[in-house]
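Computed from the coordinates by the stated procedures, all read-outs in this text should not be read as laboratory data. Everything numeric here is computed off the predicted structure, so don't read it as measured data. Cβ placement follows ideal geometry from the backbone for every residue including glycine, while neighbour counts extend to all protein chains displayed.
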Amino acid sequence: MTDHLWSFSTESGHLAGTDLTGWRVEASDGHIGKVDKHSDEVDDSYLVVDTGVWIFGKEVLIPARAVTRIDLEEQTLHLALSKEQVKDSPEFVSDKHLADRQYREEIGQYYRTSWPFPGGMGGF
């Protein structure tokens with residue numbers, strides 16, 4: 001089964017090629033930061049979210065599947081993750097995220113097991 005963790009869902013409203021840099025990011029229970037970097041490559045889509053002072057400037061790598069809705073007018077992305085899930089997520093390490101498969105798998109495993117729906121994301 002293909003792992004769609006690193007792909008935007010069709011329901012999110014994502015338009016390939018849209019520059020999301022600087023857009024506001026909302027967890028399911030409030031504001032968490034802004035998009036610092038992103039990718040919309042097929043099967044390799046993600047957001048790097050700068051959480052600012054909220055969790056002491058930590059940047060986190062969030063798989064595209066966590067995006068539930070993109071508001072083009074408000075330039076806001078909404079996530080299916082809570083603030084706590086984002087806070088507890090692994091920190092983004094720029095020199096590892098593309099080159100180190102184990103690092104990327106560890107991040108994927110965190111989101112698969114912490115997904116807010118029963119049974120995690122295994123079926124996606």
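Among the chymotrypsin sites (Phe, Trp or Tyr not before Pro) found in the range 25-71, those both in a DSSP coil and sparsely packed, with 12 or fewer other Cβ atoms within 10 Å of their Cβ, are 56. Work from the charge dipole of the chain (Cβ charges, +1 for Lys and Arg, -1 for Asp and Glu, about the Cα centre) and give the residue of 15, 114, 80 farthest towards its positive end. With unit charges placed on the Cβ atoms, the residue in question is 114. Can you list the aspartates and glutamates whose alpha carbon is less than 14 Å from that of residue 58, not counting same-chain residues fewer than 8 positions off? Output for residue 58: 36, 50, 84, 88, 91. Against the set (1) 1.18; (2) 1.16; (3) 0.92, the structure's computed Rg/Rh (Cα atoms, Kirkwood Rh) falls on (3). Residues of the range 28-70 with an amide N closer than 14 Å to a point placed 7 Å from the Cα of residue 87 along the Cα-to-Cβ direction: 28-33, 51-58. Helix-only arithmetic for the chain: the sum of -39500 (n - 2.57) across DSSP H runs with n ≥ 4, divided by the residue total, places the mean residue ellipticity at 222 nm at -4500 deg cm²/dmol. Paramagnetic label reach from residue 113 (point 7 Å along Cα→Cβ; backbone nitrogen cut-off under 18 Å): within the range 1-42, residues 5.
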